[in-house]
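Student: Here you go, one structure.
The values are calculated or read from the model by the stated rules, or taken from the named source; none is laboratory data. Keep in mind that this is a model prediction, so the values were computed, not measured. All Cβ positions, even for glycine, are placed from backbone atoms using ideal geometry, and neighbour counts span all protein chains on display. Each accessible area value is taken on the protein alone, full model and side chains, heavy atoms only, with ligands, DNA and RNA left out. Shrake-Rupley method; radii C 1.70, N 1.55, O 1.52, S 1.80 Å.
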Amino acid sequence: MVFVERRGNRGERRESERPGFRPLDVLIIGAGVFGTTGALALARRGHRVRLVDPGPLPHPLAASTDQSKVVRPDYGDDALYTALGVEALEGWRRWNARFGERHGRLYHPVGFMLRARDPLDPGGFEARSFAALGARVWPVEWIGADVLARRFPQWKAANYPHGYLNHGAGWADAERTMKALLGAAGASRRVKVMTDLAAIELIEEGGRIAGLYSAEGERHRADVTVVATGSWIPTLVPDLSPVMRATGHPILVFRAPEPDRWRPPRFVAWAADIARSGWYGFPARGDGTIKIARHAAGVRLPAGAPRVVDEATVDEARTFLAETFPALADAPLVTTRLCAYCDTADGHFWIDRHPDWPGLVVAGGGSGHAFKFAPILGERIVAAVEGRSDDIEPRFRWRVPASGGREAARAR
Ligand SMILES: Cc1cc2nc3c(=O)[nH]c(=O)nc-3n(C[C@H](O)[C@H](O)[C@H](O)COP(=O)(O)OP(=O)(O)OC[C@H]3O[C@@H](n4cnc5c(N)ncnc54)[C@H](O)[C@@H]3O)c2cc1C
């Protein structure tokens with residue numbers, strides 16, 4: 001896929017005319033959602049960007065390449081992620097307006113249903129999210145078992161009698177989003193998207209990072225190098241290995257019986273007792289397929305490890321479906337995929353300059369929950385590149401994460 005247009009946009013011109021502005025030459029390694037939104041935001045600021053990836057783009061193994069991602073501000077009583085979720089939703093609406101005509105809708109505001117098996121434990125994820133969003137006068141609706149059975153008949157209401165519907169949330173078409181963002185990057189006169197280019201090492205020169213060595217042995221130099229290679233980050237920045245690792249998480253896609261019954265408004269994006277089961281999913285797509293996935297501990301995924309969803313996981317999924325959506329329990333399995341999280345030790349993103357290597361920025365650590373924040377990631381990556389770490393939330397900055405935070409993070 002080649003992006004050729006070089007129109008540039010008004011926003012880009014205004015920024016670069018700031019007094020005393022010196023455009024930086026920035027190399028971004030990795031064209032997933034972190035790298036691509038970073039490239040667009042840096043171009044808007046007037047910097048020159050090369051976005052490199054082995055490709056093809058969107059890369060089939062990238063975490064950002066997927067049919068769907070949940071977009072929600074439901075984060076328990078975590079005020080920061082709740083606020084960022086609300087801010088990101090504004091961004092998704094803007095993107096629908098900006099890209100919708102050409103690419104179709106990126107974000108589907110169909111609602112997000114959170115169910116629990118037991119009466120909501122006040123300290124539990126669902127109760128804390130409901131309370132936090134309620135306090136923001138957010139459109140959340142408590143739904144008991146009777147109403148669930150009547151309005152959302154696909155659920156086995158007796159097993160999930162407690163929970164709520166967030167009318168102000170939904171899901172994003174991840175693949176379509178990545179194509180729209182990569183298209184915009186390719187159309188920018190300040191971004192050069194380079195595929196067939198894999199970085200194998202960073203150039204260390206005079207106590208700083210000056211660019212990358214490619215697999216072909218070429219040197220690509222820059223003022224600032226951003227490593228945004230997702231679950232592959234520790235390969236290029238080994239000193240992050242103790243606090244960042246790749247974990248594999250299953251995606252299963254089934255052929256829905258009578259697909260219309262699995263579409264909004266009677267079936268929306270959902271999470272079923274997620275803090276304990278990990279299972280969540282989406283409405284049926286236009287082709288009649290329906291996706292479920294699990295947000296749990298996952299499996300360690302050393303570089304090059306096979307990305308296969310094993311039979312045991314498929315069996316667990318069918319057991320879960322029998323207890324949750326009985327009409328889907330025996331549906332034909334269309335495909336499976338083991339997708340990689342870049343898990344940080346505390347479950348928070350990593351966007352900052354390296355404290356010991358000037359010229360190096362790391363942007364990633366999505367920990368299985370970053371895609372929904374796509375509209376607001378870019379400006380934080382710009383802040384890191386321009387050395388304005390104070391403009392980045394402390395929890396995303398360079399740190400020594402508290403151990404044991406990863407597990408707690410899963411309830412996020
Ligand atoms: C199964 C699953 C479900 C998820 N569900 C959700 C959800 O519902 N909601 C949500 O908000 N988030 C979700 N996420 C998380 C989200 O998808 C990720 O946090 C996000 O996509 C990570 O983006 P990234 O840019 O860091 O990495 P990636 O998208 O993985 O991109 C990394 C890029 O780096 C490139 N690269 C790698 N090595 C090199 C190299 N040496 N040189 C050059 N390029 C290189 C790769 O080709 C790739 O294109 C989910 C993730 C997974 C795995």
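Student: Among the residues that make up segment 356-363, is at least one of them under 21 Å from His295 (Cα atoms), at pLDDT 95 or above and in contact with a strand residue (DSSP E or B) (Cβ under 8 Å, 6 or more places away or on another chain)?
Tutor: No, segment 356-363 contains no residue that is under 21 Å from His295 (Cα atoms), at pLDDT 95 or above and in contact with a strand residue (DSSP E or B) (Cβ under 8 Å, 6 or more places away or on another chain).
Student: Take the conditions out of contact with any helix residue (DSSP H, G or I) (no Cβ under 7 Å at 6 or more places or on another chain), open to solvent by less than 10 Å² (accessible area, probe 1.4 Å) and within 12 Å of the ligand (Cβ to nearest atom) and apply them to Val227. Does it pass?
Tutor: Answer is no for this residue.
Student: Looking at segment 287-306, which of the residues that are among the hydrophobic types (A, V, I, L, M, F, W, C) and open to solvent by 40 Å² or more (accessible area, probe 1.4 Å) is modelled with the highest pLDDT?
Tutor: Step by step, filter segment 287-306, then rank; the result is Val299.
Student: Related question: Tell me yes or no: at least one residue of segment 182-191 is over 30 Å from Ala83 (Cα atoms) and assigned to a helix (DSSP H, G or I).
Tutor: Checked segment 182-191: at least one residue is over 30 Å from Ala83 (Cα atoms) and assigned to a helix (DSSP H, G or I).
Student: Given the options Gly368, Gly359, Gly387, name the one that is within 21 Å of Ala228 (Cβ to Cβ), in the same structural domain as Phe34 (by TED's automatic domain parsing) and open to solvent by less than 20 Å² (accessible area, probe 1.4 Å).
Tutor: Gly359
Student: Here's another thing I want to ask about it. Among the residues of segment 230-250, write down those that are without any contact (Cβ under 8 Å) to a residue 60 or more places away in the chain and either within 14 Å of the ligand (Cβ to nearest atom) or among the aromatic types (Phe, Trp, Tyr) (or both).
Tutor: Pro234, Pro238 - these are the residues of segment 230-250 that are without any contact (Cβ under 8 Å) to a residue 60 or more places away in the chain and either within 14 Å of the ligand (Cβ to nearest atom) or among the aromatic types (Phe, Trp, Tyr) (or both).
Student: Would you say Arg245 is within 27 Å of Thr313 (Cβ to Cβ) and under 20 Å from the mean Cα position of the chain (by Cα)?
Tutor: Spelling it out, Arg245 is indeed within 27 Å of Thr313 (Cβ to Cβ) and under 20 Å from the mean Cα position of the chain (by Cα).
Student: Here's another thing I want to ask about it. Would segment 238-253 turn up any residue that is open to solvent by 20 Å² or more (accessible area, probe 1.4 Å), outside the structural domain of Leu377 (by TED's automatic domain parsing) and assigned to a helix (DSSP H, G or I)?
Tutor: No, every residue in segment 238-253 fails to be open to solvent by 20 Å² or more (accessible area, probe 1.4 Å), outside the structural domain of Leu377 (by TED's automatic domain parsing) and assigned to a helix (DSSP H, G or I).
Student: Are any residues in segment 139-172 aromatic (Phe, Trp, Tyr), more than 21 Å from Ala327 (Cα to Cα) and buried (at least 19 other Cβ atoms within 10 Å of the Cβ), and if so, which ones?
Tutor: Tyr164, Trp171, listed by residue number.
Student: Look through segment 315-350, keep the residues that are of a type in the set (Ser, Thr, Tyr) and open to solvent by less than 10 Å² (accessible area, probe 1.4 Å), and return whichever of them is nearest to Lys291 (Cα to Cα).
Tutor: Thr324
Student: Looking at segment 194-224, which of its residues are over 18 Å from Ala303 (Cβ atoms) and within 9 Å of the ligand (Cβ to nearest atom)?
Tutor: The one that is over 18 Å from Ala303 (Cβ atoms) and within 9 Å of the ligand (Cβ to nearest atom): Leu197.
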